[in-house]
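Enquirer: Take a look at this one; I'll ask things after.
The values are calculated or read from the model by the stated rules, or taken from the named source; none is laboratory data. Keep in mind that this is a model prediction, so the values were computed, not measured. Reconstructed Cβ throughout: ideal geometry from the backbone, glycine too, with neighbour counts over all protein chains shown. Side chains included, ligands, DNA and RNA excluded: accessible areas come from the protein's heavy atoms. Shrake-Rupley method; radii C 1.70, N 1.55, O 1.52, S 1.80 Å.
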Amino acid sequence: MSSAVGEAADGNSRNVSDALGVIALGACAVWSLITAAVHGGRPEGVLLAVLALAAGCAAGRITGVLLPVAAPCAGALAGLASTVTVPRLGPGPEIAAPLGHAGATAAVLTLSAGAACCAAWATPVPALRLALWLLAGSVTVTAALLDSTTGVVACCAVLLCSLAAGRMRHRGPALAASAVAAALVTGLTWAVAGNALPGGLADPLTDRLTPHRVDLWRDALGMVRRQSALGVGPGRFGELSATAVRSTLTDGKPHSAPLQTAAEQGVVGLLLLSAVFCWVLFALWRSRRPTPVVLTAGATLTAVAAIAAIGNALSFTTVSVGAGLLAGLATARPFAVEPAVPGAPSTCERDLRHGDHPAV
């Protein structure tokens, strides 16, 4: 009887989580259409990103149910291969590549490392687990070989967080820390754009980020100040930014997802983007997957959010699909009972506890 009640409560919680996700993604799509209608913008990019994220999440839910180990392993291998085989994602022969492709490469490699770590925590076979850890390490090595400093840092952070996740009993504080980390990186980009940092800190950051990128951020912040309610319209940043117009090598984007959303869709658009990220963390918190898998996915998606805050990663469909796929894999519910992770809470405790509090 108690088991049946627990199953019903778990089903209700999953329905709530899914409903919130549908509302958040639907609101993002509808708001982009509203702002485009007001300012004559082009909402296709936002709609494609929403569709890619939703499709990736759905695919992750399905494959995570059927193949909880093989699916993330295949995703890791696919992401690793795409960094060198997909045109304009990996380094090419161009003398000056457009700004933003390096961020996409770093994001895909980060997702690949996170997927490999999730697969390692999900398998009960020690030899296979070791092989998957080696795969995650090889992704980091690949990032170094591709001269992706951001990718190396993000992959190392994911590996360390994943190893630490095996010792954590409660996922709530760790996921809350992920939300804080994403907010801090976003706040840092706004501080750089608004000249709010002291010179001793601002100058090294500007040199590292490049003055061109910082000028794009400042143009975006200026648009936010002038059109804080509805923004200037989706896809219109490139034609209204003086820095983008002067540049001979530009894609018409400010290379910061929060600043681009705020500039083109106003503060409401930024809040909706934040709501989508918070929904993903909430879904992870309510997930019935083992805590190490959940926290690894949370750390990986936070790293991708940080990369997107200082780059143009989310403009690539590969990144949006990969992020949705990892979120779906980590929130799926496999048919078979998953094995206990060494050093982690016991299976019994995970069954009794649902996201750091009793299910029923």
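Enquirer: Which shape class, rounded, prolate or oblate, goes with segment 133-235 when its Cα gyration tensor gives a ≥ b ≥ c as root eigenvalues, a/c under 1.5 marks rounded, and past that a/b bigger than b/c marks prolate? Working shown, then result.
Expert: Working: a/c = 2.26, a/b = 1.61, b/c = 1.40.
Since a/c reaches 1.5 and a/b is larger than b/c, the shape of segment 133-235 is classed as prolate.
Enquirer: Find the percent of Cα-Cα distances in segment 200-303 that exceed 18 Å, and round it to a whole number.
Expert: Value for segment 200-303: 58 percent of Cα pairs lie more than 18 Å apart.
Enquirer: Which shape class, rounded, prolate or oblate, goes with segment 146-205 when its Cα gyration tensor gives a ≥ b ≥ c as root eigenvalues, a/c under 1.5 marks rounded, and past that a/b bigger than b/c marks prolate?
Expert: Values: a/c = 3.46, a/b = 1.60, b/c = 2.17.
Judged from the Cα gyration tensor, segment 146-205 comes out oblate (a/c at least 1.5, b/c at or above a/b).
Enquirer: Starting from segment 163-266, pick out the trypsin sites (Lys or Arg not before Pro) whose DSSP state is loop and whose Cβ has at most 14 other Cβ atoms within 10 Å.
Expert: Qualifying residues, ordered by number: Arg167, Arg169.
Enquirer: What ranking of Ser247, Ser162, Ser315 comes out by heavy-atom accessible area, probe 1.4 Å, highest first?
Expert: So the residues, ranked largest to smallest area, are Ser315, Ser247, Ser162.
Enquirer: Round to a whole angstrom and tell me the spacing of the C-alpha centers of segment 16-35 and segment 151-175.
Expert: Centre-to-centre (Cα) distance: 29 Å.
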